[in-house]
1. So if I check each of Met141, Met171, Met128, which one is of a type outside the set (Asp, Glu), touching a Cys at 6+ places or on another chain (Cβ under 7 Å) and open to solvent by 30 Å² or more (accessible area, probe 1.4 Å)?
2. Please give the number of the condition Phe146 fails out of (1) over 17 Å from Ala46 (Cβ atoms); (2) open to solvent by less than 70 Å² (accessible area, probe 1.4 Å); (3) assigned to a helix (DSSP H, G or I).
3. For region 153-161, indicate whether the set of residues that are open to solvent by less than 50 Å² (accessible area, probe 1.4 Å), closer than 20 Å to Ile48 by Cα and touching a helix residue (DSSP H, G or I) at 6+ places or on another chain (Cβ under 6 Å) is non-empty.
4. Looking at Gly99, is it of a type outside the set (Ser, Thr, Tyr), closer than 19 Å to Ile22 by Cβ and either in contact (Cβ under 8 Å) with a residue 12 or more places away in the chain or open to solvent by 60 Å² or more (accessible area, probe 1.4 Å) (or both)?
5. If I filter region 66-77 for residues that are touching a residue at least 60 places away in the same chain (Cβ under 8 Å) and open to solvent by less than 10 Å² (accessible area, probe 1.4 Å), do I get at least one hit?
6. Filtering region 80-123 down to residues that are among the aromatic types (Phe, Trp, Tyr) and at pLDDT 95 or above, which residue is farthest from the chain's Cα centre (by Cα)?
7. Being open to solvent by less than 70 Å² (accessible area, probe 1.4 Å) and modelled with pLDDT of 90 or more is the filter; apply it to region 182-195 and report the residue that is farthest from Asn135 (Cα to Cα).
8. Looking at (1) over 23 Å from Leu177 (Cα atoms); (2) surrounded by fewer than 17 Cβ atoms within 10 Å (Cβ to Cβ), find the lone condition where Ile86 falls short.
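The values are calculated or read from the model by the stated rules, or taken from the named source; none is laboratory data. No experiment lies behind these values; they were computed from the predicted model shown. Glycine gets a Cβ as well: all are built from the backbone with ideal geometry, and neighbour counts include every protein chain shown. For accessibility, only protein heavy atoms count, side chains too; no ligands or nucleic acids. Shrake-Rupley method; radii C 1.70, N 1.55, O 1.52, S 1.80 Å.
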Amino acid sequence: MNQNKTHQMLLKLAAAAVMTAIVFVSNYLRITVPVPLGGTMAFTLANILCALSGILLGPWYGFLAAGLGSCFYDLTNPAYAIEAPITLFTKGMYGLVAGLVLYGLLKSAKDRYGAQLAATACAAATYMALYLVKNYFFNGMFLQHFTEPVQCWTLVVSKVPATITNGVIAMVFAPVLGVALMKALRSAHLEKMLA
C-alpha cells in the first residue's frame with residue numbers, strides 16, 4: 001500500500017514538473033506591445049496552460065506548475081526579472097483557483113467542459129484582478145514612480161484589453177484541452193497523474 005502511494009506521488013510530481021516546463025516555454029509565445037505610459041502589455045498563450053495546470057493537477061500542484069513556470073520565465077528575461085516573485089504568486093493563483101473550483105465545488109462534473117469552463121473563468125477573473133492591482137501599485141507607484149492616482153489608473157486601463165483577451169483565450173482553450181487530456185490519460189490508464 002505504501003509503495004502504491006509513493007508511486008502515485010512520483011507520478012504527480014512528474015506531471016507537475018512537465019506542466020511547469022510547458023508553462024515556462026509557453027511564456028515565450030507572446031506578442032509584446034508598448035503602452036503609452038511606459039512599460040508593455042503582452043498577448044500570451046501562457047494563461048491557457050496556467051489554467052490547465054489547475055484543471056489537470058488540482059489546486060496545489062497547479063499552483064506550483066503555473067507559478068514556477070511563469071516565474072522561471074521572468075527570471076530569464078531581464079525586463080521581467082524584478083517581477084518574478086509577484087508572478088509566482090499571481091500566475092500560481094491561476095492554477096490554484098482553477099483547481100479549487102474544479103476539484104472543490106464542481107468535483108462531480110470535473111470531466112465536463114462546463115465545469116472546466118467555470119473553473120477557468122474563476123481563475124481568469126482572479127488573475128485579472130491581481131494583475132491589475134499589481135500594475136497599479138508595483139508598476140505604477142514603485143517602478144514608474146507615479147505620484148497621482150490618475151496616472152496609476154491610466155496605466156491599469158491601458159493593460160485591460162490584453163488582460164481580458166488573454167483571459168477569454170484561456171477560457172476558450174483550457175477547457176477544451178482539459179477535457180481531451182483527461183480522456184486521453186484515462187484511456188492510457190494514467191489517471192493517477194490527475195488530481
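1. Numbers: Met171 fails: touching a Cys at 6+ places or on another chain (Cβ under 7 Å); Met128 fails: touching a Cys at 6+ places or on another chain (Cβ under 7 Å).
It is Met141.
2. Unmet condition: (3).
3. Just the residues of region 153-161 that are open to solvent by less than 50 Å² (accessible area, probe 1.4 Å), to begin with: 155-156, 158-160.
With closer than 20 Å to Ile48 by Cα added as a condition, the list becomes 159-160.
Now restrict to residues that are touching a helix residue (DSSP H, G or I) at 6+ places or on another chain (Cβ under 6 Å): 159.
Yes, some residue in region 153-161 is open to solvent by less than 50 Å² (accessible area, probe 1.4 Å), closer than 20 Å to Ile48 by Cα and touching a helix residue (DSSP H, G or I) at 6+ places or on another chain (Cβ under 6 Å).
4. On the way: of a type outside the set (Ser, Thr, Tyr): yes; closer than 19 Å to Ile22 by Cβ: yes; either in contact (Cβ under 8 Å) with a residue 12 or more places away in the chain or open to solvent by 60 Å² or more (accessible area, probe 1.4 Å) (or both): yes.
In short, yes.
5. At the first step, the residues of region 66-77 found to be touching a residue at least 60 places away in the same chain (Cβ under 8 Å) are none.
No - not one qualifying residue is present in region 66-77.
6. Going through region 80-123, the residues among the aromatic types (Phe, Trp, Tyr) turn out to be 80, 89, 94, 103, 113.
Adding the requirement that they be at pLDDT 95 or above leaves 89, 94.
Numbers: Phe89: 10, Tyr94: 4 Å.
Only one residue tops the list, namely Phe89.
7. Pass one, region 182-195, residues open to solvent by less than 70 Å² (accessible area, probe 1.4 Å): 182, 184-185, 188, 190, 193-195.
Those still in the list that are modelled with pLDDT of 90 or more too: 182, 184.
Working: Met182: 35, Ala184: 39 Å.
Applying the filter and picking the extreme gives Ala184.
8. (2)
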